[in-house]
Amino acid sequence: MNIRNSIVSRYFLVSLLGAVLPMVVVAALYDRYASALLDQITGERLSAQLTATASRLTAFFDVRVYQIETLSNHPALPYLVQQRTSRSDTELEALLRLEADVPDLYGILLFDPAGALTRIVAGQAASGAPYWSGLSFDLARLPVMKAVSGDVDVVGPVAPDDGSSGWFLIRQPLRRSAIGEESGSIALHVRLASVTELLGSASLAGIVQPVLKTPRGYFNVVGQAVTPSRQMVAGPEVLPGWQPMLVIDPDQLFRPFITAQKSLFLVSLVSIAVITLLFARLAARLRRRVDRLTLGADAVAAGNLDYRIATRGGDEIDAVGAAFNSMAERLQALIARTVRVERLAVLGEFATGVAHEIRNPLATIKTTVQALARGEKDRERGELLQDVGAEIDRLNRVMGDLLEFGRPRPPELAPVPAAGLLARIEALMAAPAHEAGVVLRVDGATDIVLHADRDQLIQVIVNLVINAVQATPAGGSVRVRAIRTGREAGIEVRDTGAGIAEAHLARITDPFFTTKPKGTGLGLSIARQLAELQGGRLEIGSAPGAGTTVRLIVPMEKHEP
């Protein structure tokens, strides 16, 4: 069988394509839409996070700018910068200590017009320079950025170093003197960590890290200087050069999706392999079963009508196999019937010709023998002539059987009550059975009405009863009864004789086959022929030592409602 023309192979390819194509499409769509959906969800979330962070930072700076602007307008501050002491200065220092004593400030610093630090007000979080002596506090190299409004400057920031905390200044010039001279400036010494803490924690399972961009680099949430090396998303500026940003790790971000995609491809490959192996085995098994059907068809076509296909289950191929076996059986029976009919036709034509050719000479011989017997005076020769006449009569009976076998009379079908038929059989066969020492019993369903030729039925049944009586030893019995089998009915003849050997049972109705020394072998053949002419059949069952049962089955009469 060419695999390209095999329906099994086409079914396998279509099934494989139907299983693999959806996986490929799903994988492609997953790769396309998962990334787009992730970008959309992540983008919206990060944008909202950056906006919220910028709002917190803006609020923090607004509070500190308002604080520094309020302090810078105090009229006594220029005197404090110039080291002039008074009662009001003492009250001012107390106010400054109160303003500096918050967690977000290290302290408040006062500078003269030249930028030199002249006064320090330490807060509760004060540490490092300029609160500890011996530490440098140089602002010369620090960037100075103007705030959004007013004269407020942002100086720094300074990263943590050697145990010192990070910081930056929010500085505001003091009010000018009455003659317009500069009076110096005031600055809030702010903890850098107070600002970076407002960035919030990492999001999306550590994939996104917040940082603060400043004029002096990037700082993480604890105020440590960092150098981002990944993709960053910028938020709104809260001050010139100051803005929150989010560092995104692309590898970590897309790692679950890449893993899922690899898993999907792996599952697809495994599925393809499993489906290929599964369908290959199924296809091979199906091909073998189809090949058995093909071999069976070839065998029957070659004349092997005994070939049968083994069926094990109840699927479609087994149904085809069962139908094939049934077809082979019917074909075998049809051919057997056809051969038998043709053979019987030839035998019948031969027998009819032979009977005609022999009967006429026999009639002449019979007449001559009768004439000689009447004129014969010798007793012994007279007895010989009588024996010759008896043999001529036997030959005439044989010729009659041959004529009846070769040219059977068409049946005249009519209703035949079983009760009357059995009574007639009993009247005809009671005496012969009694003489043979055999008990004849007639019974059964006598309400049955058969649709057949009455005379031919009697001829067949009498022949069957004669055979049964002859096969039954003295003291045995022969039972004749009417039976009903579904829509059919018939007469059953059962004896208690020696039975028929299995080797002879298949040929028992063949013409000229007999096991009797003086039989012609036409009795059962004629009985079967007459039964089939009436749409019936003979069923013979026997076993050596168990007797023989013969059933004459014919249609029942249809009763109109």
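Quick notes on this structure:
- Unique residue being closer than 26 Å to A336 by Cα, part of a loop (DSSP other than H, G, I, E, B) and either modelled with pLDDT of 80 or more or outside the structural domain of E426 (by TED's automatic domain parsing) (or both) when the list is G475, G535: G535
- With respect to (1) assigned to a helix (DSSP H, G or I); (2) at pLDDT 80 or above, the lone exception for L286 is condition (2).
- The stretch 289-306: number of residues that are in a helix (DSSP H, G or I), of a type in the set (G, A, S) and free of Cβ contacts under 8 Å to residues at least 24 places away in the same chain: 2
- Any hit, the stretch 384-402, residues being within 15 Å of G490 (Cβ to Cβ), at pLDDT 75 or above and either part of a helix (DSSP H, G or I) or of a type in the set (G, A, S) (or both): no
- Here D447 meets the list (1) under 25 Å from G545 (Cβ atoms); (2) at pLDDT below 85 almost entirely, failing just condition (1).
Yes or no, residue by residue, for (1) part of a helix (DSSP H, G or I); (2) over 21 Å from V554 (Cβ atoms); (3) modelled with pLDDT of 85 or more:
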{"site": "E426", "(1), (2), (3)": "yes, no, yes"}
{"site": "R441", "(1), (2), (3)": "no, yes, yes"}
{"site": "Q456", "(1), (2), (3)": "yes, no, no"}
{"site": "I508", "(1), (2), (3)": "no, no, no"}
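- Scanning the stretch 522-561 for residues that are surrounded by fewer than 21 Cβ atoms within 10 Å (Cβ to Cβ) and charged (D, E, K, R), we see that the one that is farthest from G490 (Cα to Cα) is E560.
- Count of the stretch 454-480 residues which are in contact with a strand residue (DSSP E or B) (Cβ under 7 Å, 6 or more places away or on another chain), surrounded by fewer than 19 Cβ atoms within 10 Å (Cβ to Cβ) and touching a residue at least 40 places away in the same chain (Cβ under 8 Å): 1
- Flag if I272 is in a helix (DSSP H, G or I) and at pLDDT 75 or above: yes
- Subset of the stretch 246-264 that is at pLDDT 75 or above and surrounded by 15 or more Cβ atoms within 10 Å (Cβ to Cβ) - its residue that is nearest to the chain's Cα centre (by Cα): I248
- Boolean, I466 is at pLDDT below 85 and of a type in the set (A, V, I, L, M): no
- Hits in the stretch 155-177 - residues which are among the β-branched types (V, I, T) and in contact with a helix residue (DSSP H, G or I) (Cβ under 8 Å, 6 or more places away or on another chain): V158, I170
The values are calculated or read from the model by the stated rules, or taken from the named source; none is laboratory data. The model shown is predicted, which means the values in this text are computed figures rather than measured ones. When we count neighbours, we look across all protein chains shown, and the Cβ atoms used for this are built from the backbone with ideal geometry, even at glycine.
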